[in-house]
């Protein structure tokens with residue numbers, strides 16, 4: 001209890017890299033057996049930091065006026081450093097195994113059709129739907 005308020009549920013909210021952070025944090029909590037949030041709300045989340053050029057949304061972003069591919073790669077390299085780390089599920093939640101993902105709390109996603117990493121959100125959502133989490 002804080003300030004006379006009894007907290008019963010914990011809902012984490014994250015936008016863009018914050019969406020990545022709360023998804024990765026939740027996976028880490030699951031792996032370590034600690035209390036998992038009751039829900040996640042992610043807005044334009046980044047789930048796979050490999051920035052694969054074979055994805056249509058990444059190709060559409062080559063000349064994006066707000067977030068061109070070069071700037072996106074700069075952000076990722078500043079955050080991750082070594083791109084080999086992007087294969088770690090605690091950095092790229094999309095590559096997490098089904099055993100971890102099936103323990104995720106209910107998730108809600110907001111995705112924009114002009115987002116350079118839109119495809120990753122659809123892939124993450126598809127995996128959660130397959131595991132019946134959405």
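Values quoted throughout were computed directly from the atomic coordinates according to the rules given, and no laboratory measurement underlies them. Everything quoted here is computed from the prediction, not taken from an experiment. Here Cβ is always computed from backbone atoms with ideal geometry, including for glycine, and neighbour counts include all displayed protein chains.
Is it possible to state the helix-based mean residue ellipticity at 222 nm for the chain, with each DSSP H run of 4+ residues giving -39500 (n - 2.57), the sum divided by total residues, to the nearest 500 deg cm²/dmol? What is it?
When only DSSP H runs of four or more count, the value is -11000 deg cm²/dmol.
Per residue, how big is the convex hull of region 1-57 when only Cα atoms are used? Give it in Å³.
97 Å³
With everything on Cα atoms, drop me the angle between helix 69-80 and the longest principal axis of the chain, reported from 0 to 90° to the nearest 10.
Approximately 40 degrees, to the nearest 10.
Sorted by packing (mean other beta-carbon atoms within 10 Å per residue), highest first, where do 106-117, 18-29, 40-51 land?
By packing density, highest mean first, the sequence is 40-51, 18-29, 106-117.
Please work out the C-alpha center-to-center distance from region 1-66 to region 87-125 and express it in whole Å.
Cα centroid to Cα centroid, the span is 8 Å.
Need one number: % antiparallel among DSSP beta bridges in the chain, to the nearest 5.
Restricted to the chain, the bridges split so that about 10 percent are antiparallel.
In nanometres, what is the gap between the two model label sites at residue 6 and residue 35, each 7 Å from Cα along Cα-to-Cβ?
For residue 6 paired with residue 35, the spin-label model returns 1.4 nm.
Computed from these coordinates, which is volume of the Cα convex hull per residue in Å³: (i) 110; (ii) 88; (iii) 126?
(iii)
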